[in-house]
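Below you'll find the structure, written out as structure tokens, and then a few comments.
The values are calculated or read from the model by the stated rules, or taken from the named source; none is laboratory data. Owing to the predicted nature of the structure, the values given are computational and were not obtained by experimental measurement. Here Cβ is always computed from backbone atoms with ideal geometry, including for glycine, and neighbour counts include all displayed protein chains. Remember, those area values only see protein heavy atoms, side chains included, never the ligands or the DNA or RNA. Shrake-Rupley method; radii C 1.70, N 1.55, O 1.52, S 1.80 Å.
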Protein chains: 4
Amino acid sequence: MTAPATTQLLDLAAAGLRVLDLGRPLTVGMPQSPNHPAYWHAHPRRHGDLVRADGGSAANDMISMGTHVGTHVDALVHVSQDGLLYGGLDAGAALQGGRYVELGVQTVEPMVRRGVLLDVPGTLGVGRLEPGQEITVADLEATLERQGTTIGAGDVVLVRSGWGQHFDAGDRELFMGQSSGVPGVGEAGATWLAGRGVHAAGADTIAFERLAPGAGHGLLPAHRVLLVEHGIYIIETMDLEELAREEVHEFLFVLSPLPLVGATGSPARPLAVVGR
Amino acid sequence: MTAPATTQLLDLAAAGLRVLDLGRPLTVGMPQSPNHPAYWHAHPRRHGDLVRADGGSAANDMISMGTHVGTHVDALVHVSQDGLLYGGLDAGAALQGGRYVELGVQTVEPMVRRGVLLDVPGTLGVGRLEPGQEITVADLEATLERQGTTIGAGDVVLVRSGWGQHFDAGDRELFMGQSSGVPGVGEAGATWLAGRGVHAAGADTIAFERLAPGAGHGLLPAHRVLLVEHGIYIIETMDLEELAREEVHEFLFVLSPLPLVGATGSPARPLAVVGR
Amino acid sequence: MTAPATTQLLDLAAAGLRVLDLGRPLTVGMPQSPNHPAYWHAHPRRHGDLVRADGGSAANDMISMGTHVGTHVDALVHVSQDGLLYGGLDAGAALQGGRYVELGVQTVEPMVRRGVLLDVPGTLGVGRLEPGQEITVADLEATLERQGTTIGAGDVVLVRSGWGQHFDAGDRELFMGQSSGVPGVGEAGATWLAGRGVHAAGADTIAFERLAPGAGHGLLPAHRVLLVEHGIYIIETMDLEELAREEVHEFLFVLSPLPLVGATGSPARPLAVVGR
Amino acid sequence: MTAPATTQLLDLAAAGLRVLDLGRPLTVGMPQSPNHPAYWHAHPRRHGDLVRADGGSAANDMISMGTHVGTHVDALVHVSQDGLLYGGLDAGAALQGGRYVELGVQTVEPMVRRGVLLDVPGTLGVGRLEPGQEITVADLEATLERQGTTIGAGDVVLVRSGWGQHFDAGDRELFMGQSSGVPGVGEAGATWLAGRGVHAAGADTIAFERLAPGAGHGLLPAHRVLLVEHGIYIIETMDLEELAREEVHEFLFVLSPLPLVGATGSPARPLAVVGR
């Protein structure tokens, strides 16, 4: 009943796999885009509020949030251009009964695929990139070269800028970068990624792509290239620091979005799985 | 830089892994426990609401929900007994600044482990168990025997009752089973699972364990045994029908809970990964 | 500076006004329409969670809800007919940037007006009307006659059925009446109210108008007559028992909706103010 | 049946009362304290999403928010000092089953009382007070003197600083004043108000009282004096500009908080009612 490949997989697990956590903790007040509902959490019940006759008690939670907050994946329906979605679908017609039936996040298959880290600051010999710095195609190619990594069709490619250090440091305004700008790929880098046939592209920043200083979060050409023109998912606000520190440049990438029917994205906790 | 085990893992992925989705779609109105905040979703912005000068538009989401709704994992802090949590921790002291700092869901490591399905209806020769039917230790052992499956320490064990068919069928009241009761393991079955050293236990029902007809969701001895006495996570409202149909009895189990800091559980979309 | 009428008003207040509360308490689990987001409440902070150096502490709240839950007022934009709102406005065009700019609840002026109770059960000599019973025009006229009350243009008219007793009694399913039906005016009664030029019409039921047994909340002709055809606001889930018990048939009616910009309704706590 | 005072009240209404709106519109992104859940709104259903066979359609809303956002009233339970609430009640014991049963906002009676405006900038001959400026007892007394107004026991007193102009102007950061500070009464002014036996005190600022520049919203002595020591309600983020412009210094004040059972405050839309 158990396929040989399953046995191999379980043998690897038995030997000990290492799971690197690429998700950011969700806390009230964390940096997130003001375009999306703020993450809030409270306990309707805490222990002791209601104790049953047998001495048992349960605590629970109430959450309110957007789906593009914390570490998350963008469904293809998230962005439209000139009224059209990926594949030329009409953005209005994709909506039925108030839900995005077409290209909503419920259509994003869980990802269990080869993942690649492109550690750009490592290539450029800096701790992290400058605010508003565009990661160029030359940077991306130099990084592949330096790391000795290849990108295959269907891979998930994670582009590190080092900007995630501001999330770690609790530097909320700076991480968001509305006035400072944020480093990342621009239209050219997105086109280069699309040319490699990647399945999804991720970054350690709030909006994946380069944000020019003072420009806010409004103009997003890389989103158009990836989501609308090529059907490539985008993953944002990832923690890529450990991968870089440990020089883990390829791994099994796992991301299982919540199937929020009709939604445009989902919070997620992506993983990089490697052998020990 | 890439460990040999990583290469093996990626070779398996390249050869084609099969990913079975064990999560239920989240929709407004889906069956969930009335003890937890109802799942609601709306779009603050739809395409066309706000079109930028360049023709681009983004749609987004607003979510409100409990953490024990849809397919989800219970953190150890979810349940206390006589004021104490797992490990004898004081339930009051576990809370700091309004968050469960100890044993909250942010402490649940992502799971990438061997998973085992116990297809009890398959053993008993029925499509699904009866409302309120207790899955006995004999049932569990007979299922292991019939399937030729073993359980190892650290495994995640999923106990199928067939009751998830009511979720599929949209039979909300019946799935919830507040009046009818719901099949599942009782205290004895939970003790048996704990004796095998499992890491987590899951089911295709709303509360994991057997609910007696007419008893509601109040009395949960298996929760006490697993969460409080043994530190074993519980996963609820899973979709185990495909695993059973395809007789996939062991697999790589993947569950990556959202690190909702201070919370008692997390929605999740667990996966069963097998070779083709 | 103080107008004579203001002085008179303040003299009346000084002499002692009586304020009857027509709003229902909002509690988690209260009866509400399943078409609207459920009311949930939790405390992000309780006293003691975070005590300042000076010994002070603040507790606060987190609320999630629809606007048509609890006692509430319907804005005119709530209902459309054949794509049109009150005044022939196009329902699609009323929405700008994802908000109902036209006829949204922010356009509902606070009401400080003459209010009239029509105590129909008092007229019919019953404690409350039957499930699904239609309040006829004859019932309304007989009630005016019995009470010796008149209705003037601009008044707010509250039609009591006695059904609110089920809310008081915590009889959730019965108050909602999805299977049983709910008493109230039908299309004829709504037309009669509109003919009297009322400003708003209220009731002690979940949907203001008569709901036929087994018909759910889907077909609402009185809503069409009042909101769409005549621009008359509707107030639902009121507590009219005390007014009836004390035979207060006319009063100063006060309702101050929250100016939720772009929304279709607002929770409110209406008042009936009378002299002592 | 109708008391003579009721008839007088209705005669005044018939002659035409003027209702001044003291509430601020609630919009996504409005200035509010970051200590409280952000106000968010979306439409689960818009017109056209679901049209019934008869051509009717309903739009509705989903709201998530704190209770101390927008114009709102603080219940007495909102603040404790050294573990005690107003009247020496233990703050922990006030909570039952996760709700503030004692002194929660459900215990705040709707207010229909004499209201008084203290237009401090009018007295000081400025358009609005300076950031962080404390309104002194001398300022309050000079304002009473200048206006020829008296304060009686049980009145609601509204202290205008002019700071609400920043809300009007959409100057979010400045209105919040976390770095700049905000003008208002301090401990002395609060003690003076308490000495006059007022029922409630309101202001046009985010936290009612003076906030020192750079001090954030943490230290609130006037809250302690009013809520904890004297049982006087506080109303925040009011619009007092029209009252000042029109020199309306006394009025019938109406505030009907939502009876959110167990909560510490409620959004509200207070009114000032005067004769024409």
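Numbers for the structure displayed
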item	result
Test: residue in the stretch D:36-52 that is open to solvent by 10 Å² or more (accessible area, probe 1.4 Å), in contact (Cβ under 8 Å) with a residue 60 or more places away in the chain and not aliphatic (A, V, I, L, M)	no
Matching residues, the stretch D:240-276, being small (Gly, Ala, Ser), within 7 Å of another protein chain (Cβ to nearest Cβ) and buried (at least 21 other Cβ atoms within 10 Å of the Cβ)	D:Ser256, D:Gly262, D:Ala263, D:Gly265
Conditions (1) within 14 Å of another protein chain (Cβ to nearest Cβ); (2) open to solvent by 10 Å² or more (accessible area, probe 1.4 Å); (3) at pLDDT 95 or above; (4) in contact with a helix residue (DSSP H, G or I) (Cβ under 8 Å, 6 or more places away or on another chain); number of the one not met by C:Arg210	(1)
All positions within the stretch D:143-152 that are at negative phi and either surrounded by fewer than 20 Cβ atoms within 10 Å (Cβ to Cβ) or part of a helix (DSSP H, G or I) (or both)	D:Thr143, D:Leu144, D:Glu145, D:Arg146, D:Gln147, D:Thr149, D:Thr150, D:Gly152
Hits in the stretch A:115-172 (condition: in contact with a Leu (Cβ under 7 Å, 6 or more places away or on another chain) and basic (Lys, Arg))	A:Arg160
Check on A:Ser57, outside any loop (DSSP other than H, G, I, E, B), closer than 19 Å to B:Ala75 by Cβ, modelled with pLDDT of 95 or more and open to solvent by less than 10 Å² (accessible area, probe 1.4 Å)	yes
A:Gly189 vs. criteria modelled with pLDDT of 95 or more and surrounded by fewer than 19 Cβ atoms within 10 Å (Cβ to Cβ)	no
Pair list, Cβ < 8 Å and 6+ apart or interchain, from the stretch C:214-230 residues that are in a helix (DSSP H, G or I) to residues that are surrounded by 18 or more Cβ atoms within 10 Å (Cβ to Cβ) and of a type in the set (D, E, K, R)	C:Pro221/C:Glu209; C:Ala222/C:Glu209; C:Ala222/C:Arg210; C:His223/C:Asp74; C:His223/C:Glu209; C:Leu227/C:Asp74
Enumeration of residues in the stretch D:153-183 that are surrounded by fewer than 16 Cβ atoms within 10 Å (Cβ to Cβ) and either in a loop (DSSP other than H, G, I, E, B) or among the basic types (Lys, Arg) (or both)	D:Ala153, D:Gly154, D:Ala169, D:Gly170, D:Asp171, D:Arg172, D:Ser179
Only one of D:Arg146, D:Arg114 that is modelled with pLDDT of 95 or more, within 14 Å of chain C (Cβ to nearest Cβ) and under 30 Å from C:Leu271 (Cβ atoms)	D:Arg114
Filter pass, B:Ala38 being more than 9 Å from chain A (Cβ to nearest Cβ), assigned to a loop (DSSP other than H, G, I, E, B), within 28 Å of D:Met62 (Cβ to Cβ) and out of contact with any helix residue (DSSP H, G or I) (no Cβ under 8 Å at 6 or more places or on another chain)	yes
Test result for B:Leu140, open to solvent by less than 30 Å² (accessible area, probe 1.4 Å), more than 20 Å from B:Val73 (Cβ to Cβ) and in a loop (DSSP other than H, G, I, E, B)	no
Which numbered condition C:Thr237 misses (of (1) within 8 Å of another protein chain (Cβ to nearest Cβ); (2) buried (at least 21 other Cβ atoms within 10 Å of the Cβ); (3) within 29 Å of C:Gly98 (Cβ to Cβ))	(1)
Subset of the stretch B:213-228 [under 11 Å from B:Ala190 (Cα atoms) and more than 12 Å from chain A (Cβ to nearest Cβ)]	B:Leu226
The stretch B:195-206, residues that are surrounded by fewer than 24 Cβ atoms within 10 Å (Cβ to Cβ) and closer than 19 Å to B:Gln32 by Cα	none
Single residue of the stretch B:65-89 satisfying the filter (part of a strand (DSSP E or B) and at the interface with chain A (Cβ under 8 Å from one of its Cβ atoms)) that is farthest from A:Pro257 (Cα to Cα)	B:Gln81
Residue list for the stretch A:1-35, filter: in contact with an Asp or Glu (Cβ under 9 Å, 6 or more places away or on another chain), more than 7 Å from chain B (Cβ to nearest Cβ) and farther than 26 Å from B:Pro257 by Cβ	A:Thr7
